[in-house]
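Report on the structure given below.
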Amino acid sequence: GVTQDLVRRRAEHNDGEIFSLEEVSLHQQDIEKIQHLDKWCRELKILYLQNNLISRMENLGRLKKLEYLNLALNNIEVIENLEGCESLQKLDLTVNFIGRLSSVESLRHNVHLRELFLVGNPCSDYDGYRSYVVATLVQLQCLDGNEISRSERIRACQCLEEVRRRVMEQEEQQVWRREKEKRGDTGDSVWLVTGLTAKRYPRQQEAQQEAQQEEQQEEQEFWNTPCSFTPESRLEAHRHLEEKRRAMEKSKEKKPKPQRTLITEDGRVLNVNEAKNVWLRPLLRHMDTSLLDVDIQPTYTRVSVKGKLVLPVEVKPDSSVAQRSQTTGHLLLTMPRVSAGPGRMDLFRPKSMEKIRDFSSDQTTNQLHCLCFLVRTLC
């Protein structure tokens, strides 16, 4: 429907202000009902609502300054509720479903109406259609893009009664056909789609292939089945396309990846070799200090980001200190040993350690490299 957010987006030329808006284009917005415009946009002079799914002309009577209304390519069947549009000069109802040609008489109150377009409606095929409209709307100057001459209006007014009788007969037949179409009694089925039920197969792959084939068959039957061009068929086609679009968007949604297990419960570091996964020394170096939680125990030290490191000697947790450089990101743990002097844990620096082999060929070294720490015992 018509929302305030939609109107504001379409009012960029007016700095997003809708109260003083004089022209707005709401075409191809899948609008099914006209609403709120008579309250939000009282100053409207030009309103484009073509190529939507509007079935009724409503909530327009308060637009006193409206001069041009475009409702082409919608589902309108009756001309109504425009008596309040006192300034209306041009009305476009091209390619709708107007069968009640007598409803044009409601436009007599629009004394400033000069142009009317009804081409592409069922009523435009009636015998006497043009003469009836020309004689009924004496203020009209142009019908379906063709100017109305003075002589044409005189002839139309002279035979108005006879033309009205023929028009009423054709209108009754059209109303009767529409009732049959709504009940589905016509020979042409309206967007008939057969409900094919999926069969069950023991193998999942075969079942998926069968489901895809049935879906393709249903799609072909939907578009290839003969149907009448009616408001119902337009709505059905629109909803079918919407369902397909939603299903496609849902299939494109990325499923959340399972959480990686980098550290086992016993503190063992797992190696993860995959593209775009840089999590060695550069990541730890620039990591926020608040993400590190250091827990020093008598037999091991645990860093919550990378797990725990087993210490070669027993230390005193209560007397230990953790420090980190704000410049380089190096983490320094000073831990006094139980039996001797302090023990230190400093950042592991691969370039300065000649005895450390390539981390891809040694599991222990790989774990130390991932953690970026090395335990050193100092006297």
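The values are calculated or read from the model by the stated rules, or taken from the named source; none is laboratory data. Because the structure is a prediction, the values reported are computed rather than measured. So basically every Cβ, Gly included, is an ideal-geometry build from the backbone, and we count neighbours across all protein chains shown. We work out accessible area using only protein heavy atoms, side chains counted, and drop any ligands, DNA or RNA first. Shrake-Rupley method; radii C 1.70, N 1.55, O 1.52, S 1.80 Å.
Quick one: residue 127 ticks every box in (1) surrounded by 16 or more Cβ atoms within 10 Å (Cβ to Cβ); (2) in a loop (DSSP other than H, G, I, E, B); (3) touching a residue at least 40 places away in the same chain (Cβ under 8 Å) bar one, so which box is it?
For residue 127, the failing item is (1).
Being in a loop (DSSP other than H, G, I, E, B), modelled with pLDDT of 95 or more and not hydroxyl-bearing (Ser, Thr, Tyr) is true for just one of 91, 66, 60, 53. Which residue is that?
Of 91, 66, 60, 53, the one residue that is in a loop (DSSP other than H, G, I, E, B), modelled with pLDDT of 95 or more and not hydroxyl-bearing (Ser, Thr, Tyr) is 66.
Just give me the residues in the range 100-124 being open to solvent by less than 10 Å² (accessible area, probe 1.4 Å) and assigned to a loop (DSSP other than H, G, I, E, B), in sequence order.
Taking the range 100-124 and keeping what is open to solvent by less than 10 Å² (accessible area, probe 1.4 Å), we get 101, 104, 107, 110, 113, 116, 118, 121, 123.
Within the range 100-124, 110, 113, 118, 121 meet the criteria.
Looking at residue 47, is it in the same structural domain as residue 122 (by the TED database), touching a strand residue (DSSP E or B) at 6+ places or on another chain (Cβ under 7 Å) and buried (at least 20 other Cβ atoms within 10 Å of the Cβ)?
yes
For the range 148-170, give me each residue that is without any contact (Cβ under 8 Å) to a residue 12 or more places away in the chain, under 13 Å from residue 128 (Cα atoms) and of a type in the set (Lys, Arg).
165
Among the residues of the range 76-99, is any under 31 Å from the mean Cα position of the chain (by Cα), more than 18 Å from residue 143 (Cα to Cα) and either buried (at least 20 other Cβ atoms within 10 Å of the Cβ) or in the same structural domain as residue 127 (by the TED database) (or both)?
yes
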